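K.L.:
Handing you a structure now.
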Amino acid sequence: MNTVSRDEVRSMMGDVLAAQGKPLPADELTPLVDIGFRSLDFSELALRVEDETGDELNFDAPGLRRIETVGDVLDFLEQLQSA
Amino acid sequence: MPEYTPIPPASCVVVSGASRGLGLALATDALKRGARVAGFARTVTPELQALADAHPDDVHVAAVDANDSGAVAGFLRDAADRLGPLDALVNNAAVGQDSLHVHTSPERIGEIVQTNLTAPLLLTRAFLRRLTARGGRGRVVMVTSVCAQRGYAGLVAYSATKGGLDSAMRALAREMHGRVLVNSVAPGFFASEMSSVLGGEQLETITRRTPTGRLVEADDLTPIVGMLLFEDTNIHGQVLTVDGGSSI
Ligand SMILES: NC(=O)c1ccc[n+]([C@@H]2O[C@H](COP(=O)([O-])OP(=O)(O)OC[C@H]3O[C@@H](n4cnc5c(N)ncnc54)[C@H](OP(=O)(O)O)[C@@H]3O)[C@@H](O)[C@H]2O)c1
């Protein structure tokens, strides 16, 4: 399966936020609540990653609920791709 | 007008998903109320086996997958041979869900629909065919959910199956006239293996949004299902919601 690198995912995350007029902070410890990145935004990002890899990344909500920071988003999408 | 004769109280109750959680509580309660009980799940837990061991003449249990219609038919046959005519059914077995619709695989959606909607429809059909063939009268209770009435994120396919069962229940109530009383009991969230995926924060939010201030428990549900199985209520084709008012 094709994979999308952490840097590419980060840049896609920037695109999702930019479309809402919000910047992506450089600090990976930034809490998602502070930048208004909600679960549906995560879905959009995951689906964009799927578009690139050509594979579905299905997952349960408990994993999603543990995501709190920008770094968590990047980690989770890395894990999903390697699962 | 023919004279009205009430549907007799259940004497032999089939409970699907009787191995734990609400199903085990319902099987135990039906037994306490004097009925014989036939319960199945994919795994017979020590608790269900203990119930059977303690009441060998009144309880029949087996490991049966609700999605295996041949095994389900065999179970009904064996249960009736051992316990006598089956005159009540509680469709309780189900699998849960906790995933956003767009991130739930088509296979998983298929499994949820199969177990929570197709399997209970087929079990009900098999049960009613036996009952109807011998001119029997009886009762059917569907255990559905408040999710059929209100939107909850992460439960799209699950909610569809519960809404589907409520709709089927009403149509069935018409088809069976007054010969079989058919109703649903729709619980709010209660603690069980199914709801264990919910985090403490979510349970707190649900409790806060519940007017009575407490989550539902199996003990809130057993009297309602018991009433539908054993009492002469004239309740037919209804969804009885037990959720502490959370869905109002
Ligand atoms: N818990 C809640 O918050 C909640 C809220 C509203 C409604 N409900 C409904 O209440 C009912 C009972 O739920 P619960 O919370 O007690 O769930 P639970 O603890 O997960 O028990 C589910 C039961 O169904 C059985 N089951 C599942 N798939 C089966 C299959 N393919 N064939 C046969 N048996 C199967 C399970 O046994 P095996 O796994 O061994 O097969 C178990 O006995 C369900 O209809 C559920 O949808 C629950």
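K.L.:
Under a GNM of chain A (C-alpha, springs under 10 Å), which listed residue has the highest mean-square fluctuation: A:ASP27, A:ASP51, A:ASP60?
P.N.:
Among A:ASP27, A:ASP51, A:ASP60, the largest mean-square fluctuation in the Gaussian network model of chain A belongs to A:ASP60.
K.L.:
What value, in deg cm²/dmol to 500, does the helix sum -39500 (n - 2.57) over DSSP H runs of n ≥ 4 give at 222 nm once divided by the residues of chain B?
P.N.:
Taken over chain B, the calculation gives -13000 deg cm²/dmol.
K.L.:
Which trypsin sites (Lys or Arg not before Pro) from the stretch A:1-53 combine a DSSP loop assignment with at most 14 other Cβ atoms within 10 Å?
P.N.:
Listed in order of number, the matching sites are A:ARG38.
K.L.:
Separate question: Please report the relative contact order for the stretch B:103-216, taking Cα pairs under 8 Å with a sequence separation of at least 6, and give it as a percent rounded to a whole number.
P.N.:
Computed over the stretch B:103-216, the figure is 26 percent.
K.L.:
What is the dipole size for the stretch A:6-82, taken about its Cα centre, with +1 at each Lys and Arg Cβ and -1 at each Asp and Glu Cβ, in debye to the nearest 20?
P.N.:
Computed about the Cα centre, the dipole is about 300 debye.
K.L.:
What percent does the relative contact order of chain A come to when contacts are Cα pairs within less than 8 Å and at least six residues apart?
P.N.:
42 percent
K.L.:
Please turn the phi angles of the stretch B:75-91 into ³J(HN,Hα) values with the Karplus equation 6.51 cos²θ - 1.76 cosθ + 1.60 (θ = phi - 60°), one per residue in order, whole Hz, x for glycine and proline.
P.N.:
4, 5, 5, 4, 5, 5, 4, 7, 9, x, x, 8, 10, 8, 9, 10, 7
K.L.:
If you don't mind, there's one more thing I want to ask. DSSP beta bridges in the protein assembly as shown, what fraction antiparallel, as a percent rounded to 5?
P.N.:
If I count the DSSP bridges inside the protein assembly as shown, around 5 percent turn out antiparallel.
K.L.:
Still on this model: Report D for chain B in µm² per second (integer): Stokes-Einstein, Kirkwood Rh on Cα pairs, 4 °C, 1.567 mPa s.
P.N.:
Value of D from the Cα-based Kirkwood radius: 71 µm²/s.
K.L.:
Tell me the label-point distance for the pair B:GLU217, B:GLU231, using the 7 Å Cα-to-Cβ offset, in nm and rounded to one decimal.
P.N.:
Between B:GLU217 and B:GLU231, the simple spin-label model gives 2.0 nm.
K.L.:
If you don't mind, there's one more thing I want to ask. Where the only charges are on Cβ atoms (+1 Lys, Arg; -1 Asp, Glu), what is the dipole of chain B about its Cα centre, to the nearest 20 debye?
P.N.:
660 debye
K.L.:
From the phi of every residue in the stretch B:99-105, what ³J(HN,Hα) in whole Hz does the Karplus formula 6.51 cos²θ - 1.76 cosθ + 1.60 yield, where θ is phi - 60° and glycine or proline is x?
P.N.:
Whole-Hz 3J(HN,Hα) from phi for the stretch B:99-105: 7, 5, 4, 5, 10, 9, 5.
K.L.:
I need the GluC sites (Glu not before Pro) found in the stretch B:159-229, filtered to DSSP loop residues with at most 11 other beta carbons within 10 Å of theirs.
P.N.:
Answer by residue number: B:GLU193.
K.L.:
HN-Hα J couplings of the stretch A:38-55 from phi, Karplus 6.51/-1.76/1.60, θ = phi - 60°, integer Hz, Gly and Pro as x?
P.N.:
Karplus values, whole Hz, x for Gly and Pro: 9, 4, 5, 5, 4, 4, 4, 5, 4, 5, 5, 5, 4, 4, 6, 7, x, 10.
K.L.:
Gap in Å between the Cα centre of the stretch B:90-131 and the Cα centre of the stretch B:1-71?
P.N.:
About 19 Å separates the Cα centre of the stretch B:1-71 from the one of the stretch B:90-131.
K.L.:
At a Förster radius of 41 Å, what calculated FRET efficiency corresponds to the Cβ-Cβ distance of A:GLU78 and B:VAL113, to the nearest 0.05?
P.N.:
Efficiency for this residue pair is about 0.80.
K.L.:
For B:THR144, what charge total do you get from the other residues with a beta carbon under 10 Å from its beta carbon, if Lys and Arg give +1 and Asp and Glu give -1?
P.N.:
0
K.L.:
Additional query: Would you work out which of B:THR207, B:GLN49, B:ALA186 lies farthest towards the positive end of the dipole of chain B, given +1 charges on the beta-carbon of Lys and Arg and -1 on that of Asp and Glu, about the Cα centre?
P.N.:
B:ALA186
K.L.:
OK, next. Tell me which residues come under 5 Å, amide H to amide H, from B:VAL140 once H is placed; ignore anything under 5 positions away on its chain.
P.N.:
Correct list: B:LEU89, B:LEU181, B:VAL182, B:ASN183.
K.L.:
Of the candidates B:ASP166, B:ASP57, B:ASP65, which one comes out as most mobile in a Gaussian network treatment of chain B with C-alpha springs shorter than 10 Å?
P.N.:
B:ASP57
K.L.:
Right, here's the next one. So for chain B, averaging the separation of alpha carbon pairs under 8 Å that are six or more residues apart and normalising by length, what relative contact order in percent results?
P.N.:
This gives 20 percent for chain B.
K.L.:
Next question. Need one value for B:102-113: mean number of C-beta atoms belonging to other chains within 10 Å of its residues' C-beta atoms.
P.N.:
For this peptide, the per-residue mean of nearby foreign Cβ atoms is 3.
K.L.:
Using only the C-alpha atoms of the protein assembly as shown, find the volume of their convex hull and express it per residue in Å³.
P.N.:
In the protein assembly as shown, the Cα hull volume divided by residue count equals 159 Å³.
K.L.:
Still on this model: Along the charge dipole of the stretch A:6-82, Cβ charges K/R +1 and D/E -1, which of A:LEU45, A:PRO62, A:GLY21 sits furthest on the positive end?
P.N.:
The residue sitting most towards the positive pole is A:GLY21.
K.L.:
Under the rule of at least 5 residues apart or a separate chain, name every residue whose amide H is placed under 5 Å from the amide H of B:GLY244.
P.N.:
none
No lab work stands behind these numbers, since they all come straight from the coordinates. Being a predicted model, the structure only gives us computed values, none of them experimental. Every residue, glycine as well, gets a Cβ built from its backbone with ideal geometry; the counts of neighbours run over all protein chains shown.
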